[in-house]
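The values are calculated or read from the model by the stated rules, or taken from the named source; none is laboratory data. This one's a predicted model, so the numbers in the text were calculated from it and none came from an experiment. Here Cβ is always computed from backbone atoms with ideal geometry, including for glycine, and neighbour counts include all displayed protein chains. Surface accessibility is based on the protein's heavy atoms, side chains included, excluding ligands, DNA and RNA. Shrake-Rupley method; radii C 1.70, N 1.55, O 1.52, S 1.80 Å.
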Amino acid sequence: MRLPMGRPALRIQVAMIILGMLGSLLVVRAVVVQGIDGTAYAAQAARQMSVTRTIVASRGTISDRYGQSLAVSEPAVNIIADPSQIATNGKLERSMKQKDKEKAAAGPAVISGILAKYLGGDPSLYVESLTRNTKYSIVAKQVPRYTYLKITQDLSEAGYVGIYSESNPIRTYPNSSLASNVIGFVNSEGEGAGGLEYLFNTQLSGIDGSEAYQTSPNGKIPTGQNVLVPAQNGVDYTLTIDAGLQYQVERRLQEAVDAAKASSGIVIVSNVNTGELLALANYPTFNANSPGTAIPGDLGNRAATDPYEPGSVQKVLTMAALLDQGVITPDTKVKVPSFILSGGRPINDAFSHKDIQLTARGVVANSSNIGTVMLARQMDKRILVEYLAKFGLGKKTGMGWQGESAGGIPGADIADHTRDQIAFGQGLSVTALQEAAAVAAVTNGGVYRTPTIVKSATTTDGKAMPVPEGEERRVISPEASAQVLDMMESVVASKVGKNRFPIEGYRMAAKSGAAERVDPACKCYNGYVASFVGVAPVESPEILVYVVIDRPTAGQIQGSQIAAPVVKDVMKLALPRYGVAPSTEAAPDRPIEW
């Protein structure tokens, strides 16, 4: 028989039920804390201990054709701070004694003082980067490794930790301004900002790597997780440029520009049979190690970016077209009057004369505008324009220069007076690289080759990489090319130039130029451009030298006066330097008059 439950017993039973329910809740909470939240806390702790840093790839080297370094990356580091480690000076906070806490508190000020000692500036400038809420803070970039070692030595002696380094090489140019307009420069972020540094920036830069590791207040955990992705260093480039010749050419160009009181100058030295550029000089130039101090207009490569009217050097291309079409021969006779009308206006020669009797060879030797126009009128004007395009005028060279100009030639449907102008080098525009490549095509047997400046490219493990390939096409016949050389040699070997231009031991073909300069500001002619081109030896052409002097103001304006001496001096250096054998016979005496 059940006995009726009294009130005290009932209270006890209810209390036991409530206690049981509370116990179940505590068990559930323990599961949450230990099972679910524990996982989250562990993940958070792992994130707090993980550090990922970039391993900067070393930028590729740029060298001349003989292996002399023109642009290199020297060892340097970014100085990195771990503020979380600096906060405790590498100790576990729960185990720190009072003196440890005091030392750690003084850390940012002490470390800042040491940094300022070697890096310069006020110590207060470094405090912020040492006290951020992070494990990775960049204090300074591209610090010489020796400087960093001195800093770590002082830190060790002072008993402080939390400063590390990562590789970040400094880009340097051992020869300062040598070929700087060609090589270019890098910006503050280490990216190519001009010249070949810009053109091949992706290949030179390589691919950065990374390292992810676990750290503690005492630094990197040796047994912790470590994932390393090595950097792929940049491609090394070997140029066709000859640094030794480039140096001599730059000095000679500076002398000529300064003597002529000109605004600028360009010298191109090339191998006419391969298209390789052996020297490419600009003046004024700049120091590639400090491009920020340069005049902006001096940073580019004028040989590719600055178009101009070529003047009488263009007569070489006009004669090449006429000869290739069979319209003339070097001995074609021309009776040249004192002037000729074109578009209702007279065309004159640079020298005064009455009627003179010249051969086509003599027209070139005397640089007669009138004689050139008379010969050019014998050929369809459309054909002349087509030849200019075949010689590479009116379009970019394909070398990829930053800011390169295509120049400009008229369309095929041109007026007669425009044809007359372009025949002797006005009414069209070219760059120095375009004109040099065109003359090379005329004189090398008739084959146009895109100028090249890269000889080879290799990875750090020696694997050959593709290099830019130029275009190659025949423009005129070998016979026409030989005839043009005959006519150009008369500039040097005839009575016109035999006392001014010859190079001892070598036969040279040449042509001078002087053209009025277009001024974009006034859209008119203002000043002159003087030029001279030489090719040697005539019997087997190898070396071309082309000099352009812009805006000479010292009195003389003719290319034969201020550019020809530079061509002569550079040719005397280049021919023996490349083992070109001297000519075995003197230049023949061919008629320039009749």
Scanning the range 315-364 for residues that are small (G, A, S) and over 24 Å from V447 (Cα atoms) gives S338, S342, G343, G344, A350, S352, G362
Quick count over the range 480-504, residues being under 17 Å from S531 (Cβ atoms) and surrounded by 24 or more Cβ atoms within 10 Å (Cβ to Cβ), is 3
When the residues of the range 240-277 are filtered to those that are among the small types (G, A, S) and assigned to a helix (DSSP H, G or I), which remaining residue is nearest to R473 (Cα to Cα)?
A243
Yes or no: Q378 closer than 24 Å to L485 by Cβ, assigned to a loop (DSSP other than H, G, I, E, B) and at pLDDT 95 or above?
yes
Pick from the range 506-519 the residues that are over 15 Å from V566 (Cβ atoms) and modelled with pLDDT of 95 or more: which of them is least open to solvent (accessible area, probe 1.4 Å)?
A509
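Can you pull out every residue in the range 464-479 that is part of a loop (DSSP other than H, G, I, E, B), open to solvent by less than 100 Å² (accessible area, probe 1.4 Å) and under 22 Å from F200 (Cβ atoms)? Steps first, please.
Let us first name the residues in the range 464-479 that are part of a loop (DSSP other than H, G, I, E, B), namely 465-471, 475-477.
Those left that are additionally open to solvent by less than 100 Å² (accessible area, probe 1.4 Å): 465, 467-468, 470-471, 475-477.
M465, V467, P468, G470, E471, listed by residue number.
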What number of residues in the range 385-404 are crowded, with 19+ Cβ neighbours inside 10 Å and part of a loop (DSSP other than H, G, I, E, B)?
7
State which residue is most open to solvent (accessible area, probe 1.4 Å) when the search covers only the range 405-445 and only residues that are more than 30 Å from S180 (Cβ to Cβ) and among the charged types (D, E, K, R).
D413
Where R551 falls short, out of the listed (1) open to solvent by less than 70 Å² (accessible area, probe 1.4 Å); (2) under 31 Å from the mean Cα position of the chain (by Cα); (3) closer than 26 Å to L388 by Cα
(1)
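Mind telling me which of the residues Y237, Y213, Y160, Y198 ends up being at pLDDT 95 or above and assigned to a strand (DSSP E or B)? Don't jump to the end; show me each part of the working.
Values: Y213 fails: at pLDDT 95 or above; Y160 fails: assigned to a strand (DSSP E or B); Y198 fails: assigned to a strand (DSSP E or B).
Selected residue: Y237, the only one of Y237, Y213, Y160, Y198 that is at pLDDT 95 or above and assigned to a strand (DSSP E or B).
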In the range 133-149, residue most open to solvent (accessible area, probe 1.4 Å) [restricted to those that are out of contact with any strand residue (DSSP E or B) (no Cβ under 8 Å at 6 or more places or on another chain) and either within 25 Å of D100 (Cα to Cα) or of a type in the set (A, V, I, L, M) (or both)]
N133
Taking the range 74-110 and keeping residues within 44 Å of the chain's Cα centre (by Cα), open to solvent by less than 30 Å² (accessible area, probe 1.4 Å) and not charged (D, E, K, R) leaves A76, V77, N78, I79, I80, A81, P83, Q85, I86, P108
Among S188, S124, S176, which is the only one that is within 25 Å of K455 (Cβ to Cβ), surrounded by fewer than 19 Cβ atoms within 10 Å (Cβ to Cβ) and among the polar types (S, T, N, Q)?
S176
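If you take the residues in the range 419-463 that are hydrophobic (A, V, I, L, M, F, W, C), under 19 Å from the mean Cα position of the chain (by Cα) and not in a helix (DSSP H, G or I), which one is nearest to R507 (Cα to Cα)?
If we take residues in the range 419-463 being hydrophobic (A, V, I, L, M, F, W, C), under 19 Å from the mean Cα position of the chain (by Cα) and not in a helix (DSSP H, G or I), then I453 is nearest to R507 (Cα to Cα).
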Residue by residue through the range 163-186, note down the ones that are part of a loop (DSSP other than H, G, I, E, B) and at pLDDT 95 or above.
Y173, P174, N175, S176, S177, L178, A179, G184
Filtering the range 330-363 down to residues that are closer than 19 Å to G425 by Cα, of a type in the set (A, V, I, L, M) and open to solvent by less than 10 Å² (accessible area, probe 1.4 Å) yields V336, A360, V363
Members of the range 188-239 that are in contact with a Phe, Trp or Tyr (Cβ under 8 Å, 6 or more places away or on another chain) and hydroxyl-bearing (S, T, Y)
Y237
